[in-house]
1. What accessible area, in Å² to the nearest ten, does a 1.4 Å probe give for Met228?
2. If Thr9, Thr100 are ordered by their accessible area, calculated over protein heavy atoms with a 1.4 Å probe, which sequence runs from highest to lowest?
3. Where the centroid of each part is defined by its Cα atoms, how far is the stretch 11-67 from the stretch 197-262 in Å?
4. Rank Asp197, Asp13, Asp140 by mean-square fluctuation in a GNM of the chain with C-alpha springs under 10 angstrom and give only the top-ranked residue.
5. In what order, largest first, do Tyr150, Tyr257, Tyr172 sit by accessible area if the probe radius is 1.4 Å?
6. For the peptides 265-277, 41-53, 106-118, what is the packing order when you average, over each peptide's residues, the other Cβ atoms within 10 Å and list the highest mean first?
7. For the stretch 126-247, what is the accessible area per residue in Å², given a 1.4 Å probe and the full set of protein chains?
8. Take the alpha carbon gyration tensor of the stretch 48-182, find the square roots of its eigenvalues, order them as a ≥ b ≥ c, and report rounded if a/c is under 1.5; if not, report prolate when a/b exceeds b/c, else oblate.
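The values are calculated or read from the model by the stated rules, or taken from the named source; none is laboratory data. What you are looking at is a predicted structure, and each value in this text was computed from that prediction instead of being measured. When we count neighbours, we look across all protein chains shown, and the Cβ atoms used for this are built from the backbone with ideal geometry, even at glycine. To get the accessible areas, we keep the full protein, side chains included, count just its heavy atoms, and leave off ligands, DNA and RNA. Shrake-Rupley method; radii C 1.70, N 1.55, O 1.52, S 1.80 Å.
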Amino acid sequence: MDSFWKFPTMDADTLRLLKKNIDEGFRAFTRAYGDSIESLFNPLQSFLIWAERLLLATPWPVVIAAVAVIAWIASRSLKIVAGCVVTLLVIGWFDMWDDTMKTVSMIFVCTVLAIVIGIPIGIGMARSNRLQRIVNPVLDVMQTMPSFVYLIPVVMLLGIGRVPGVIAVVIYAVPPMIRLTNLGIRMVDRDVLEAADAFGSSSWQKLRNVQLPLALPTIMAGVNQTIMMALSMVVIASMIGVQGLGQPVLKAIANQYFTLGVFNGLAIVGIAIIFDRISQAYGSRLQKHREIVHG
């Protein structure tokens, strides 16, 4: 009756040997190819350093003015523009400006990478049911895997630094971009596609001139979710050397500095709200435009 109450498990020695072989195999792969893989990400490191230096070297009034202009173009709402400006002023007043710019630069780089990776895969999934069946389980694993687990193979391959952190953030944040690109293209009205076929449009012309413009509101929702998920990884990525608002939060946790943690946590929330309101407002404007033109 013992087997009824205790779940049958693999022999302890066999399980230990299996884990040891997997670990040794990954370490051997890291020793053999780690340097080559690291060199592949040198352009990414240069891009990240350029974005960070650009934001840090730009005077703060110029940065705030640029954010206000972007917010106005995206939303046409004075409330959203005023909210963005006030949030950035408060962040700067509490001496968190440099860390905020480092975080924003990382989120910018991660979002660009997620868009570059996610949109082509989403388009491929929309065009191929077979590819969708293959990719969907991978996306399920990426979205349900604990975020700390992403850090293990990345650190073993690339060590500690900003680039491993960016890679971990992109892996965590890219699934919504892929899923919503796929969904947006699949939701395009079949009658519209038939009309494009009737006018002799090629497959590329249909994609560029019909499917992507009509799917843009849904794709923007994917960008919004990607940004939010990337921001949620800021503190975790700080554990492997990513600079920004996450490091003071990590320091506050280690040393029980309540105010330091709360202030920097609220700064992350403020940046998240800015990104969220701007991207949502732009997506809503695109949706209204589509309804007027095609509704």
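1. Counting only protein heavy atoms, the figure is 50 Å².
2. Numbers: Thr9 115, Thr100 0 Å².
Per-residue accessible area, sorted high to low, gives Thr9, Thr100.
3. So the two Cα centres are separated by 17 Å.
4. Result for the chain, Cα springs under 10 Å: Asp13 fluctuates most.
5. Ranked from most to least accessible, the order is Tyr257, Tyr172, Tyr150.
6. On the way: 265-277: 18.9, 41-53: 15.3, 106-118: 21.5.
Answer by packing, highest mean first, reads 106-118, 265-277, 41-53.
7. Counting only protein heavy atoms, the per-residue value for the stretch 126-247 is 47 Å².
8. Values: a/c = 2.67, a/b = 1.53, b/c = 1.75.
In terms of gyration-tensor shape, oblate.
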